[in-house]
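The values are calculated or read from the model by the stated rules, or taken from the named source; none is laboratory data. Remember, predicted model here, so these are calculated numbers, not experimental data. In this analysis, Cβ positions are derived from the backbone assuming ideal geometry, glycine residues included, and neighbour counts consider all displayed protein chains. Protein only, heavy atoms only, side chains kept; ligands, DNA and RNA dropped before computing areas. Shrake-Rupley method; radii C 1.70, N 1.55, O 1.52, S 1.80 Å.
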Amino acid sequence: MSFEPQARLDGKVAVITGGKGAIGICSARRLATLGARIVSIDRNPQGVQALLDGLPQVAAGPHLSLHASITDSAALMAAAAAVKAQMGRCDILINSAGFTQPVAPADLEGLTDALFDDVVQTNLRGVFSSIRAFTPLLKASGDGLIVNVSSIAGITGSGSNLAYAAAKAGLDILTKSLAKALAPQVRVLAVSPGVVDSTFVPGRGADFNDKAAATIPLKRIGHVEDIASAIEACATTLRFATGSRFVIDGGRSL
């Protein structure tokens, strides 16, 4: 395994969970531009293939769409088997699937047991399940990379709700633990966005974004490209890093 920076990803296969999400789509586009074949995994497959058809096509073959929820371990194992059968390898796993729902921190009754469990199941256990399913392929690559999309909520303790913050804090620790457990064949990194201009958090619109931007040292909220470019860097230029968390928030968490 070489830790030297690389400009291209030709011959690599990148699996992206949450493939229809804004960060997943943007990351797929950037990695495909560098030559990687993309496998997009989403719990709602409608429209995913059309998105993949719009990506830069690569010489190694077509991109692939698979249907699986990250909360369904059996479906993830089946997806990993399909990647092995149809792609022959997996070099990069990007865990960008997630779920949240705004609940004020002081509204303890509003954060029901069911919602708490759903948030943690998706944002923490689901990521672990995805990693567990694809680790054999990543190890076989000998130059594997896992990038977990975390959040500054895991650092600040504030965000869409307390369960989300707790899940992301857990994901940061999982990233560090797995970086040690899977080395040297697989590197494990986390990218932690702040407020991002997307529809991920229900109910947040232009008013929220404008107010948030005013409090950020760099005076704007994040763009999806900011996060996808950090993920790209994990695969290309930051190759002697593992167990690290890269905060991409314009200084909001300072």
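Using a probe of 1.4 Å on the protein chains alone, the accessible area found for GLU225 is around 80 Å².
Max-minus-min Cα coordinates of region 191-252 on each principal axis give 40, 23, 17 Å, with the largest extent listed first. In the elastic network of the chain, a GNM with C-alpha springs shorter than 10 Å, the most mobile of GLN46, GLN121, GLN101 is GLN46. Within the accessible area of the chain, the carbon and sulfur atoms contribute 57%, probe 1.4 Å, all protein chains present. Note on region 88-169: Kirkwood hydrodynamic radius from all Cα pairs is 13.7 Å, rounded to one decimal. Under 5 Å from the amide H of ILE94 lie the amide H atoms of VAL15, ILE16, THR17, VAL147, each residue being 5 or more positions distant or on a separate chain, with H modelled from the backbone and absent for Pro and chain starts. Pairwise alpha-carbon distances in region 33-113 exceed 17 Å for 57% of all pairs. The value given for the chain is a Kirkwood hydrodynamic radius of 18.2 Å, derived from the mean inverse Cα-Cα separation. Pairs of Lys residues in the chain are counted when their Cα atoms are under 30 angstrom apart and they lie 8 or more places apart or on different chains; the count is 24. Remark: region 39-51, residue by residue, has Karplus-estimated 3J(HN,Hα) of 10, 9, 10, 8, 6, 10, x, 4, x, 5, 4, 4, 5 Hz, where x stands for each Gly or Pro and the curve is 6.51 cos²θ - 1.76 cosθ + 1.60 at θ = phi - 60°.
The angle between the Cα long axis of helix 162-182 and the main principal axis of the chain comes to about 30°, on a 0 to 90 degree scale. Across region 26-102, C-alpha contacts under 8 Å between residues 6 or more apart give a mean separation that, scaled by the residue count, equals a relative contact order of 26 percent. Pairs of Cα atoms nearer than 8 Å and 6+ residues apart set the relative contact order; for the chain it is 21 percent.
Dipole orientation for region 182-254: of the candidates LEU182, VAL201, VAL247, LEU182 has the Cα lying most toward the positive pole (charges on Cβ; Lys, Arg +1; Asp, Glu -1). In the chain, helical runs assigned H by DSSP with n ≥ 4 each contribute -39500 (n - 2.57); averaged across all residues and rounded to the nearest 500, the mean residue ellipticity at 222 nm is -12500 deg cm²/dmol.
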